[in-house]
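What follows is a single structure, written as structure tokens, with notes after it.
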Amino acid sequence: MTAGTSLMRASPAVPTDTVQRQRLRTLAFGLGAVAVLAAGFVLTRTAENPYVFFSAFIIIQSIALATGWNVLGGYAGYINFGAAAFFGAGAYTGAALLKAFEASVFLALPAAGLVGGVLGLMMGYMTLRVQGVYFAIATIALVVMAHTIVINTEFLGGASGLALLPPEAPSWAGGPIQFIFLVMLAVAVFAVAVARWIEVSWVGRAFRALRASEEAAECAGVPTLRLKLAACAISGALLAMTGAPLVYYASFIEPETVFGLALALNAIAMPLIGGRQSWPGPIIGAVLLGSLQQVATITISSELNILLVGVVLIAFVAAAPDGILGLVDRLRKGRAP
């Protein structure tokens, strides 16, 4: 019996009006996604300042990063400190394909997703039999291993990094920066759509059962190990796809950036600030924290970004441990935070 059939048989019949509401919400989500993509296209035709696209690219990248991390860290409840390993694997997959074959970003994205998914599956198979702090330490080790492999691989540029010239953008895109901005926006919309599907489907119910009590979920017939492996693979694929467009945007990639502490810390902080239990949470956290970091970069110094993330994260852990969405829910129900 599969997890889906097990949970579906355990669930009562869904009323017709509930099904209609779910379909309307799915339709509204689809229309909203199309509107976001259309707004991004309009921005490429109206904005001329390159910094606008740089800031938007970073914030949109943060949304995809936080959403990918939240599949394993939020829905399944396994705190993953190795997000930078998957992001870096995707970034260097794109760089390797660009260097070897002058591949388009449209080839780099599925290749990075495949690499991230396989890497996530391997990490999950080796580490998911342990929990808590032991799992977290294992994910940190994954970042160290990936970083060490890259700096010792001459084809990938080693510690000095790799400078590459991306192929020309399509004429309809309005320019190379605008084109990669649209690609990153599409990746973020895809990641959010996958996260929403997980949340409203039997997979999300299984993840919630897993997060609440793994032992109780196993007693209910939920194949917990297969679900955790699926969470690792999906999360790894989304994180790697998030990293793939980087070399096409910056024309340069180096290990200290893609495997850095700031990226790993942001991936964890954004869902925690916005809320880990629902797909809008990582979006809210990424927009809030990403915007604050961009403002700090302009007005103070980019070196203060990690300090800013730490201060905001500590403040939210103390005042709103369930994130902004959790705080709003408690206030709506009339309970003190």
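The values are calculated or read from the model by the stated rules, or taken from the named source; none is laboratory data. Keep in mind that this is a model prediction, so the values were computed, not measured. With ideal geometry, Cβ positions are generated from the backbone for all residues, glycine too; neighbour counts draw on all protein chains shown. Accessible surface areas use protein heavy atoms only, side chains included; no ligands, DNA or RNA. Shrake-Rupley method; radii C 1.70, N 1.55, O 1.52, S 1.80 Å.
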Subject >> region 118-231 shape via C-alpha gyration tensor axes, a/c threshold 1.5 >> reply: oblate
**OP:** Any chance you could check the Cα centroid distance between region 33-73 and region 91-131 for me, in angstrom?
**Re:** 22
Original post:
With +1 on each Lys and Arg Cβ and -1 on each Asp and Glu Cβ, how big is the dipole of the chain about its Cα centre, in debye rounded to the nearest 20?
Top reply: 1240
Original post:
Looking at Val189, Gly326, Ala91, which one has the Cα that reaches farthest to the positive end of the dipole of the chain (charges on Cβ: Lys, Arg +1; Asp, Glu -1)?
Top reply: Gly326
**OP:** Find the accessible area per residue for the chain; the probe is 1.4 Å, ligands and nucleic acids are left out, and the unit is Å².
**Re:** 48
Original post:
Can you give the angle from 0 to 90° between the axis of helix 176-200 and the longest principal axis of the chain, with both taken from C-alpha atoms, to the nearest 10?
Top reply: 10
**OP:** Show Glu102, Glu48, Glu254, Glu218 ordered by accessible area, largest first, where the area counts protein heavy atoms only and the probe is 1.4 Å.
**Re:** Glu48, Glu102, Glu218, Glu254
**OP:** Working with all protein chains in place, sort Thr18, Thr242 by solvent-accessible area computed with a 1.4 Å probe, largest first.
**Re:** Thr18, Thr242
**OP:** For the chain, with all protein chains present and a 1.4 Å probe, just round the carbon and sulfur fraction of the accessible area to a whole percent.
**Re:** 70
**OP:** Go through Phe316, Phe207, Phe81 and list them by solvent-accessible area, largest first, probe radius 1.4 Å.
**Re:** Phe81, Phe316, Phe207
Original post:
Relative to the present Cα-Cα distance, how much length would full extension add between Ala28 and Val200 at 0.36 nm per residue of separation?
Top reply: 60.5 nm
Original post:
In percent, what relative contact order does the chain have, based on Cα pairs under 8 Å that are 6 or more apart in sequence?
Top reply: 30
Subject >> Förster-model FRET efficiency, 25 Å R0, Asn152 and Leu114, C-beta, rounded to 0.05 >> reply: 0.60
**OP:** Round to the nearest 0.05 the FRET efficiency obtained for Phe101 and Met145 when R0 = 22 Å and r is the Cβ-Cβ distance.
**Re:** 0.25
Subject >> Share of pairwise Cα separations in the chain, more than 38 Å, in percent >> reply: 15
**OP:** Express the relative contact order of region 59-139 as a whole percentage, based on alpha carbon pairs under 8 Å and six or more residues apart in sequence.
**Re:** 34
Subject >> Amide H within-cut-off set for Phe252, under 5 Å, with H built and near neighbours excluded >> reply: Leu164
**OP:** Name all residues of region 216-258 having a backbone nitrogen under 18 Å from the label point set 7 Å from the Cα of Leu165 along its Cα→Cβ direction, giving them as ranges.
**Re:** 247-253
Original post:
Which angle between 0 and 90 degrees, to the nearest 10, do you get for helix 83-101 versus the longest principal axis of the chain when only C-alpha atoms count?
Top reply: 40
**OP:** Have a look at Val295, Val187, Val143 and tell me which one the Gaussian network model of the chain (Cα, springs below 10 Å) gives the largest fluctuation.
**Re:** Val295
Original post:
Among 57-69, 152-164, how do they line up from the highest to the lowest mean number of other beta-carbon atoms within 10 Å?
Top reply: 57-69, 152-164
Original post:
Want the number for Ala35 to Leu292: 0.36 nm per residue separation, take away the alpha-carbon distance, what's left?
Top reply: 90.0 nm
**OP:** Report, in degrees rounded to the nearest 10, the 0 to 90 angle that the Cα long axis of helix 305-319 makes with the longest principal axis of the chain.
**Re:** 10
Original post:
So what's the back-of-envelope 222 nm ellipticity for the chain, counting only DSSP H runs of four-plus at -39500 (n - 2.57) apiece and dividing by all residues, rounded to 500?
Top reply: -24500 deg cm²/dmol
